[in-house]
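K.L.:
First the structure, then my questions, so here it is.
The values are calculated or read from the model by the stated rules, or taken from the named source; none is laboratory data. All figures in this text were calculated on a predicted structure; none of them were measured in a lab. For neighbour counting, all protein chains shown are included, and Cβ atoms are generated from backbone atoms with ideal geometry for every residue, glycine included.
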Amino acid sequence: MARQLNLPFVDLGGFDIDPKALTHVPQTIARRFCLAPLCLYGDALVIAMNDPTDSEAVDTVRFVSGRRVEIAKASESAIESALTGHLVLSTLHTSDAAGAVTRLAEMGIEPFLLNATVLGVLAQRLVRRNCPHCVQEEPPDPGVRRALGVTDGEIFYKGAGCEYCNATGYIGRVAVYELLTLTPQLRTMIQEGICGESLGRQAVAQGMVPLTQNALSLARRRATSLAEVYRVRLL
């Protein structure tokens, strides 16, 4: 329906509704028409509706809020969850944290909605943890060192394999991650045709630790091997 009406479809997962927007529509009306106020955008109130063709609902919201109304399509279940006031989380398959923002835009979510509602993105992967019973110095491949930007003088470690780790050299796994928090500066970059690489570079400039660097810090503490870092690295 969203495509037929040329309206953005909003996946409310991962969106935090602006509390100021909620004050413009009584909850009785929101539940009656199955709609959720999302945010304020200039003089407009942006709402997510299960049925965007419901003119009575739009007129009612316009009357009670005293604002121009912008409409987005959302599922009924997502709207019901959003109306509880809880933060709704969601998952996406992307190569890095910044890529999630561009993926949402590619899914049809308008930049002004992303700007107003996305709080942050956490990208994570799992690396195998070195077995503490058989850990020994690792002789990394020179190509791996070059790819990860580590010097020849740095020493890394990995498990040799023993009875405790079933001769694998690893016991268990540990998460490595990067957390992109949408700062005011990053929000200004969320526009049509946004480049994920540019967003990622700006996030790093503002202090985000890239996933690969987070994994390297574990390798430098002997928690995992350099080979594992290379396996999960983000290009």
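K.L.:
Going by the structure shown, is Gln202 polar (S, T, N, Q), within 30 Å of Tyr41 (Cα to Cα), out of contact with any Gly (no Cβ under 9 Å at 6 or more places or on another chain) and not in a strand (DSSP E or B)?
P.N.:
Values: polar (S, T, N, Q): yes; within 30 Å of Tyr41 (Cα to Cα): yes; out of contact with any Gly (no Cβ under 9 Å at 6 or more places or on another chain): yes; not in a strand (DSSP E or B): yes.
Considered against the rule, which asks whether it is polar (S, T, N, Q), within 30 Å of Tyr41 (Cα to Cα), out of contact with any Gly (no Cβ under 9 Å at 6 or more places or on another chain) and not in a strand (DSSP E or B), Gln202 comes out as yes.
K.L.:
Can Ala123 be described as modelled with pLDDT of 85 or more, among the hydrophobic types (A, V, I, L, M, F, W, C) and either assigned to a strand (DSSP E or B) or touching a Phe, Trp or Tyr at 6+ places or on another chain (Cβ under 8 Å) (or both)?
P.N.:
Details: modelled with pLDDT of 85 or more: yes; among the hydrophobic types (A, V, I, L, M, F, W, C): yes; either assigned to a strand (DSSP E or B) or touching a Phe, Trp or Tyr at 6+ places or on another chain (Cβ under 8 Å) (or both): yes.
Criteria met by Ala123.
K.L.:
Something else about it: Consider Ala175 carefully, then state whether it is assigned to a helix (DSSP H, G or I) and among the small types (Gly, Ala, Ser). Show your work before the answer.
P.N.:
Numbers: assigned to a helix (DSSP H, G or I): no; among the small types (Gly, Ala, Ser): yes.
Taking the combined requirement at face value, the residue does not satisfy it.
K.L.:
For the structure I just gave you, tell me whether Glu154 is surrounded by fewer than 13 Cβ atoms within 10 Å (Cβ to Cβ) and either over 30 Å from Leu199 (Cβ atoms) or among the hydrophobic types (A, V, I, L, M, F, W, C) (or both). Break it down stepwise before answering.
P.N.:
Numbers: surrounded by fewer than 13 Cβ atoms within 10 Å (Cβ to Cβ): no; either over 30 Å from Leu199 (Cβ atoms) or among the hydrophobic types (A, V, I, L, M, F, W, C) (or both): yes.
Here the answer is no, as Glu154 does not meet what is asked.
K.L.:
Search the stretch 89-105 for residues that are at negative phi and pair each with any residue that is of a type in the set (Asp, Glu) when their beta-carbon atoms are under 6 Å apart and the residues are at least 6 apart or on different chains.
P.N.:
Taking only residues 6 or more apart or on different chains, the pairs are Ala97/Glu178.
K.L.:
Separate question: Name the residues in the stretch 189-235 that are without any contact (Cβ under 8 Å) to a residue 40 or more places away in the chain, of a type outside the set (Gly, Ala, Ser), out of contact with any helix residue (DSSP H, G or I) (no Cβ under 7 Å at 6 or more places or on another chain) and surrounded by fewer than 18 Cβ atoms within 10 Å (Cβ to Cβ), would you?
P.N.:
Matches in the stretch 189-235: Arg201, Val204, Val209, Gln213, Arg221.
K.L.:
Name the pairs whose Cβ atoms lie under 8 Å apart, with the first residue in the stretch 22-49 and more than 12 Å from Leu113 (Cβ to Cβ), the second of a type in the set (Phe, Trp, Tyr), and 6 or more positions between them or separate chains?
P.N.:
Hits for this filter: Met49/Phe33.
K.L.:
Just for the stretch 25-50: of the residues that are in a loop (DSSP other than H, G, I, E, B) and crowded, with 17+ Cβ neighbours inside 10 Å, which one is modelled with the highest pLDDT?
P.N.:
Val25
K.L.:
On to the next question. Within the stretch 75-101, count every residue that is at pLDDT 70 or above and either farther than 19 Å from Leu211 by Cβ or surrounded by fewer than 19 Cβ atoms within 10 Å (Cβ to Cβ) (or both). Let's see the steps before the verdict.
P.N.:
Of the stretch 75-101, the ones at pLDDT 70 or above are 89-101.
The next check asks that each one be either farther than 19 Å from Leu211 by Cβ or surrounded by fewer than 19 Cβ atoms within 10 Å (Cβ to Cβ) (or both); those that pass are 89-95.
Total meeting the criteria: 7.
K.L.:
Here's another thing I want to ask about it. Name the single residue, out of those in the stretch 51-74 being over 14 Å from Arg32 (Cα atoms) and of a type in the set (S, T, N, Q), that is modelled with the lowest pLDDT.
P.N.:
Applying the filter and picking the extreme gives Thr53.
K.L.:
Against the definition (touching a residue at least 40 places away in the same chain (Cβ under 8 Å), part of a strand (DSSP E or B) and of a type in the set (Ser, Thr, Tyr)), how does Tyr157 come out, yes or no? It would help to see each step written out before you state the result.
P.N.:
Details: touching a residue at least 40 places away in the same chain (Cβ under 8 Å): yes; part of a strand (DSSP E or B): yes; of a type in the set (Ser, Thr, Tyr): yes.
It is true that Tyr157 is touching a residue at least 40 places away in the same chain (Cβ under 8 Å), part of a strand (DSSP E or B) and of a type in the set (Ser, Thr, Tyr).
K.L.:
Say whether the condition of being buried (at least 18 other Cβ atoms within 10 Å of the Cβ) and either modelled with pLDDT of 85 or more or among the basic types (Lys, Arg) (or both) is met by at least one residue in the stretch 103-116.
P.N.:
Among the residues of the stretch 103-116, not one is buried (at least 18 other Cβ atoms within 10 Å of the Cβ) and either modelled with pLDDT of 85 or more or among the basic types (Lys, Arg) (or both), which makes the answer no.
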